[in-house]
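**Student:** Please see the structure below; I have some questions.
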Amino acid sequence: MSDLHAPLLAWYDEHARDLPWRRPEASPWSVMVSEFMLQQTPVVRVLPVHERWLATWPTPADLAAEPAGEAVRAWGRLGYPRRALRLHAAAGAIVERHDGEVPASYDDLLALPGVGDYTAAAIAAFAFGQRQVVLDTNVRRVLGRAVGGVEFPAASVTRAERDRAEAVLPDEPLAATWSVAVMELGALVCTATSPRCDACPVADLCTWRAAGHPAYDGPPRKVQAWAGTDRQCRGRLLGAVRDTDGPVHVSRLEAAWPEAAQRERCLAALVADGLLVRAGESAYALP
DNA sequence: AATTCGTGGTA
DNA sequence: TTACCAAGAAT
């Protein structure tokens, strides 16, 4: 499958988006911040927040010196605000354990809060040029189609999938560029709902296309409910605090989510998560 | 292994 | 309008 390499790398060279964390001058910290923000959040929404974040906190030590609540506030509406908390905690761990420098080793990265297999591999590859198996949703879909011949990969990463990704990964120094190129192809061409095979540099080699684009036939993929869920409730409550300076009286939170039992349950959960703190008898604030 | 955790854009 | 999806991690 090394036939995939040349056309894909050539395509990436011509079509890659100019993203701040991909520029030569981008620091490992910039890459790390981008990877946290891009966990389940599209690039276009990350761009302005990432820019402001790096301008405010150019190094891990700058962020670690702040209260966690400042990170939650700056996170804005990117979603999943516990990522802001974890990024803040990771910055603290980097100061504590790595002298303020983002570590380059996969194992050291994996040990940081909020860093799982994907993010550890991505930082090691994109910030430090290492050969790592980077398996995100894009890579999984592209390789699942091009090599595996299926429209969508399994719910969780399989051993066969990891072996396949390892098998097609070129040696250094091309490996990291290859990985970001596969991701970019998944993001721009080999998309989930409307792949543009006519624009794909490896269409001729694609197993799924050769088989006539067979439809997904695995177990039904979960659709997240939203209306009325705790996630919606938590979002409303945290949003009310995040968009206000200083403590917020419970009357404001009652207006944000009238249903009492769910509101109190979610407030307690937000406090337990460290996203909110009680401020006196009848108010809440960012930590 | 299956759930939980935000938000907003698109078809 | 509803359904689906977007560079996942933690439990």
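**Student:** Only one of (1) among the hydrophobic types (A, V, I, L, M, F, W, C); (2) within 15 Å of DNA strand C (Cβ to nearest atom); (3) within 30 Å of A:LEU8 (Cβ to Cβ); (4) open to solvent by 70 Å² or more (accessible area, probe 1.4 Å) is not met by A:ALA210, so which one is it?
**Tutor:** (2)
**Student:** Got a number for residues in the range A:79-113 being in contact (Cβ under 8 Å) with a residue 60 or more places away in the chain and either open to solvent by 70 Å² or more (accessible area, probe 1.4 Å) or aromatic (Phe, Trp, Tyr) (or both)?
**Tutor:** The qualifying residues number 2.
**Student:** Can you go through A:ALA55, A:ALA10 and tell me which one is free of Cβ contacts under 8 Å to residues at least 24 places away in the same chain and of a type in the set (Gly, Ala, Ser)? Full working, then the answer.
**Tutor:** Details: A:ALA10 fails: free of Cβ contacts under 8 Å to residues at least 24 places away in the same chain.
Unique residue meeting the criteria: A:ALA55.
**Student:** Further, regarding this structure: Can you name every one of the helices (runs of 4 or more DSSP H) wholly within the range A:76-133 that holds 1 or more residues which are basic (Lys, Arg)? Steps first, please.
**Tutor:** Numbers: elements: A:82-98, A:106-110, A:117-126.
Per the criteria, A:82-98.
**Student:** Just to be sure, is A:ARG164 among the charged types (D, E, K, R) and more than 11 Å from DNA strand B (Cβ to nearest atom)?
**Tutor:** On the way: among the charged types (D, E, K, R): yes; more than 11 Å from DNA strand B (Cβ to nearest atom): yes.
Yes, satisfied.
Yes/no per residue for (1) within 16 Å of DNA strand B (Cβ to nearest atom); (2) within 12 Å of the chain's Cα centre (by Cα):
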site: A:LEU9; (1), (2): no, no
site: A:HIS15; (1), (2): no, no
site: A:PRO24; (1), (2): no, no
site: A:MET32; (1), (2): no, yes
site: A:GLU35; (1), (2): yes, yes
site: A:PRO42; (1), (2): yes, yes
site: A:VAL46; (1), (2): yes, yes
site: A:ARG52; (1), (2): yes, no
site: A:ALA55; (1), (2): no, no
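**Student:** While we're here: Hey, among the residues in the range A:215-265 that are of a type in the set (S, T, N, Q) and within 13 Å of DNA strand B (Cβ to nearest atom), which one's most open to solvent (accessible area, probe 1.4 Å)?
**Tutor:** Going through the range A:215-265, the residues of a type in the set (S, T, N, Q) turn out to be A:224, A:229, A:232, A:244, A:251, A:262.
From what's left, within 13 Å of DNA strand B (Cβ to nearest atom): A:224, A:229, A:232, A:262.
Working: A:GLN224: 122, A:THR229: 32, A:GLN232: 31, A:GLN262: 21 Å².
Going through the qualifying residues, I end up with A:GLN224.
**Student:** Here is a follow-up. Return the only residue of A:ALA192, A:ALA181 being assigned to a loop (DSSP other than H, G, I, E, B) and either within 21 Å of A:GLU14 (Cα to Cα) or within 10 Å of DNA strand C (Cβ to nearest atom) (or both). Spell out the reasoning first.
**Tutor:** Working: A:ALA181 fails: assigned to a loop (DSSP other than H, G, I, E, B).
Sole residue among the options that is assigned to a loop (DSSP other than H, G, I, E, B) and either within 21 Å of A:GLU14 (Cα to Cα) or within 10 Å of DNA strand C (Cβ to nearest atom) (or both): A:ALA192.
The values are calculated or read from the model by the stated rules, or taken from the named source; none is laboratory data. Predicted, not measured: the structure shown is a model, and the values here were computed from it. Glycine also receives a Cβ, built like all others from the backbone with ideal geometry; neighbour counts cover every protein chain displayed. Note: accessible area is taken over every heavy atom of the protein model, side chains too, but ligands, DNA and RNA are not part of it. Shrake-Rupley method; radii C 1.70, N 1.55, O 1.52, S 1.80 Å.
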